[in-house]
Amino acid sequence: IAVADAYIESKHYQRAREVLRQMLAEHPNDPGLLAHHARAEYLLGDHAQAASSAYAALSAAPHDELAMRIYALALDGQGRGQEAMWM
């Protein structure tokens, strides 16, 4: 996650997503990885995939704050503002 975060900080979102996908291949249900993957997807503008990844993270860890924030942002990015406000 630290490597992906470094890529995100340097605005290399695509590379961050690739690193996270590789890690998810080995640990597909890790809520932390899913939440960070959702963040990379959101920053790449793929709000639907970001929402899907964040939802998966929340399914595994319902109180994960990063996943909640990204899920709300991704919903809003899809024009689902009311659901985002609820989150």
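Could you pull the accessible area for residue 59 with a 1.4 Å probe, rounded to 10 Å²?
That residue has around 80 Å² of solvent-accessible surface.
Pop out the ³J(HN,Hα) list for region 64-76 in order, Karplus 6.51 cos²θ - 1.76 cosθ + 1.60 with θ = phi - 60°, rounded to Hz; leave Gly and Pro as x.
5, 5, 4, 4, 4, 5, 5, 4, 4, 5, 5, 4, 4
To test your reading of the geometry: what angle, between 0 and 90 degrees and rounded to tens, separates the Cα axis of helix 13-26 from the longest principal axis of the chain?
Compared with the principal axis, the helix lies near 80 degrees.
Do you know the relative contact order of the chain, to the nearest whole percent, from alpha carbon pairs under 8 angstrom that are 6+ apart?
It rounds to 22 percent for the chain.
What does the accessible area of residue 68 come to, in Å² to the nearest 10, when a probe of 1.4 Å is used?
Surface open to solvent at residue 68 totals about 60 Å².
Accessible area per residue, 1.4 Å probe, Å², for region 27-87: what's the number?
Accessible surface, normalised per residue, equals 54 Å².
Using Cα atoms only, what is the angle between the long axis of helix 47-60 and the major principal axis of the chain, expressed in degrees (0 to 90) to the nearest 10?
That works out to roughly 90 degrees.
Ignoring any ligand, DNA or RNA, what whole percent of the accessible area of the chain comes from carbon and sulfur when the probe is 1.4 angstrom?
Carbon with sulfur: 54 percent of the solvent-accessible area.
In the set (1) 76; (2) 88; (3) 109, which value of volume of the Cα convex hull per residue in Å³ was calculated from the structure you see?
Among (1) 76; (2) 88; (3) 109, the one calculated here is (1).
Have a look at 67, 25, 38 and tell me which one the Gaussian network model of the chain (Cα, springs below 10 Å) gives the largest fluctuation.
Largest GNM mean-square fluctuation: 25.
Using a 1.4 angstrom probe and counting only protein chains, how large is the accessible area of residue 69 in Å², to 10?
Per-residue accessible area (residue 69): approximately 130 Å².
The values are calculated or read from the model by the stated rules, or taken from the named source; none is laboratory data. This one's a predicted model, so the numbers in the text were calculated from it and none came from an experiment. Heads up: the accessible areas ignore ligands, DNA and RNA and are worked out on the full protein's heavy atoms, side chains in. Shrake-Rupley method; radii C 1.70, N 1.55, O 1.52, S 1.80 Å.
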